[in-house]
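Only one structure is covered here, and it is reproduced in the block below.
The values are calculated or read from the model by the stated rules, or taken from the named source; none is laboratory data. Being a predicted model, the structure only gives us computed values, none of them experimental. When we count neighbours, we look across all protein chains shown, and the Cβ atoms used for this are built from the backbone with ideal geometry, even at glycine.
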Amino acid sequence: MMRAVIAALSLACTAPVTSAHHAISGSYDANSIIEIEGEVTALLWRNPHVQISMRVIGPDGVAQNWAMATTSLSNMRRWQMDPNFITVGDRIRVAGNPARDGARGVYLSNVLTSRGEEVLLGPRVEPRWSDQIVAMTESRRLGQGDTSAPELGMLRIWSTPDTIPMLIPRNFGRRPEYRSKLTEAAQQAADAFVWERDNPLRNCAPKGMPMIMEAPYPFEFRRDAQDILWHQEEFDTVRRIHMSPGASADGQPGSLLGYSVGRWENEQTLIVTTTQMNWGHFDGLGVPLTTQAEMVERFTVSPQGDRLDYSVTFTDPAIFAEPVTLGKHWVWYPDAEVGSYDCLRAAEN
């Protein structure tokens, strides 16, 4: 049996955590990395995170059960990586960020397979053990889209490249360049936030607007009669954009996603105004959002058809001292798909 090699190296491991959503960075220590060797006892290939169980022999010779998580099947598809690089019974070596709570858990960045291939599970992960590397293709690493079908317009599947930052900058309410845009009440709310106590995503609670717009998974724009549906893989979220000329949020009830009214500015730009949002959170890390908030979004597809640019302006008199505009973009890959998602099952495993 392989002996566990658990070495806290106090290295910054930026790849799997900084690009992951807040629940991952809140659960695993991004400032240290450990290595473990052992036998794969169970695999769950799924979204939002692949789950791997390992039997490890500890320094005292006693077998230990370790629970591993890593990136999603959606990411592996986007990176053009075959996810079947390990099977139950394989002896492997892994490296990644340890669980913050001291449990036997790791968020994986590197896997050395029984064949001697090293799998890199992120866009900025460096090899540790082998020169036989399995990683994403170069075009996917650079976040390049496909320019072969500009005639498809906006109504298709779009993917998040790994080369762009999150839509809402992390720790928005505590960073000077953004803090000045908040009211005093919003600043106090951000200061009082404690992740372990106040995490709005605990127990796989669904995300609301606007945070769902930074989800790293694929989404699709499609028509439903006169309206447009935005279908995001994360939480199987479906958002309706009302496109009829008389559409209005007046009298509509509040909801996690609010009430969205859209219009075409031209053939390549969709403008959407959303109100009636009652999720209560702006960034999920302490900055709130009230039912007075309004989002105005601009989606613009490039002439080449390979990129969808996005900007959003927020107003909320109780939260923002001035309008706040943020942005990101998505790219088009012909092989992308909006897959299944089962966060509850992931939490139980």
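Number of residues in segment 35-51 that are buried (at least 19 other Cβ atoms within 10 Å of the Cβ) and either at pLDDT 85 or above or not assigned by TED's automatic domain parsing to the domain that holds residue 83 (or both): the value is 5. Taking the numbered list (1) touching a residue at least 24 places away in the same chain (Cβ under 8 Å); (2) more than 17 Å from the chain's Cα centre (by Cα) in turn, residue 215 passes all entries but (2).
Taken over segment 177-198, the criterion of being of a type in the set (Val, Ile, Thr) and free of Cβ contacts under 8 Å to residues at least 40 places away in the same chain is satisfied by 194 alone. Considering the conditions (1) more than 20 Å from residue 167 (Cβ to Cβ); (2) in contact with a strand residue (DSSP E or B) (Cβ under 7 Å, 6 or more places away or on another chain); (3) of a type outside the set (A, V, I, L, M, F, W, C), residue 251 is excluded by exactly one of them, (2).
Could you say which residue among 283, 316 is charged (D, E, K, R), touching a helix residue (DSSP H, G or I) at 6+ places or on another chain (Cβ under 6 Å), closer than 20 Å to residue 211 by Cα and in the same structural domain as residue 161 (by TED's automatic domain parsing)? If you could, list the steps in order and put the result at the bottom.
On the way: 316 fails: touching a helix residue (DSSP H, G or I) at 6+ places or on another chain (Cβ under 6 Å).
Sole residue among the options that is charged (D, E, K, R), touching a helix residue (DSSP H, G or I) at 6+ places or on another chain (Cβ under 6 Å), closer than 20 Å to residue 211 by Cα and in the same structural domain as residue 161 (by TED's automatic domain parsing): 283.
Given the structure, is residue 280 at positive phi and buried (at least 18 other Cβ atoms within 10 Å of the Cβ)? For residue 280, the condition - at positive phi and buried (at least 18 other Cβ atoms within 10 Å of the Cβ) - is not met. A search for C-beta distances below 6 Å between a residue of segment 54-78 that is in contact (Cβ under 8 Å) with a residue 40 or more places away in the chain and closer than 17 Å to residue 219 by Cα and any residue that is crowded, with 20+ Cβ neighbours inside 10 Å and of a type in the set (Ser, Thr, Tyr), counting only pairs 6+ apart in sequence or on different chains, returns 74/217; 78/159.
In summary, residue 243 fulfils each of the numbered conditions (1) at pLDDT below 95; (2) crowded, with 19+ Cβ neighbours inside 10 Å with the single exception of condition (1). The single condition among (1) touching a His at 6+ places or on another chain (Cβ under 6 Å); (2) under 26 Å from residue 163 (Cα atoms); (3) touching a residue at least 60 places away in the same chain (Cβ under 8 Å) that residue 221 does not meet is (1). Right, residue 140: of a type in the set (Lys, Arg), at pLDDT below 80 and out of contact with any strand residue (DSSP E or B) (no Cβ under 7 Å at 6 or more places or on another chain) or not? Yes; evaluated as a whole, the condition is true for this residue.
When you scan segment 213-234, do you find a residue that is more than 21 Å from residue 301 (Cα to Cα), surrounded by 20 or more Cβ atoms within 10 Å (Cβ to Cβ) and in contact with a strand residue (DSSP E or B) (Cβ under 6 Å, 6 or more places away or on another chain), even just one? Give the steps one after another, and end with the answer.
Restricting attention to segment 213-234, the residues satisfying the condition of being more than 21 Å from residue 301 (Cα to Cα) are 225, 234.
With surrounded by 20 or more Cβ atoms within 10 Å (Cβ to Cβ) added as a condition, the list becomes 234.
Checking the rest, the ones that are also in contact with a strand residue (DSSP E or B) (Cβ under 6 Å, 6 or more places away or on another chain) come to none.
No, segment 213-234 has no match at all.
Within segment 96-113, the set of residues being in a strand (DSSP E or B) and farther than 16 Å from residue 132 by Cβ comprises 96, 97, 98, 99, 105, 106, 107, 108, 109.
Does residue 54 fit the bill of being outside any loop (DSSP other than H, G, I, E, B), more than 22 Å from the chain's Cα centre (by Cα) and under 26 Å from residue 203 (Cα atoms)? Spell out how you get there, then give the answer.
Numbers: outside any loop (DSSP other than H, G, I, E, B): yes; more than 22 Å from the chain's Cα centre (by Cα): yes; under 26 Å from residue 203 (Cα atoms): yes.
When the stated conditions are applied, residue 54 passes them.
Within the option set 291, 269, 274, being surrounded by fewer than 18 Cβ atoms within 10 Å (Cβ to Cβ), in contact with a Ser or Thr (Cβ under 6 Å, 6 or more places away or on another chain) and in the same structural domain as residue 317 (by TED's automatic domain parsing) holds for one residue only, 269.
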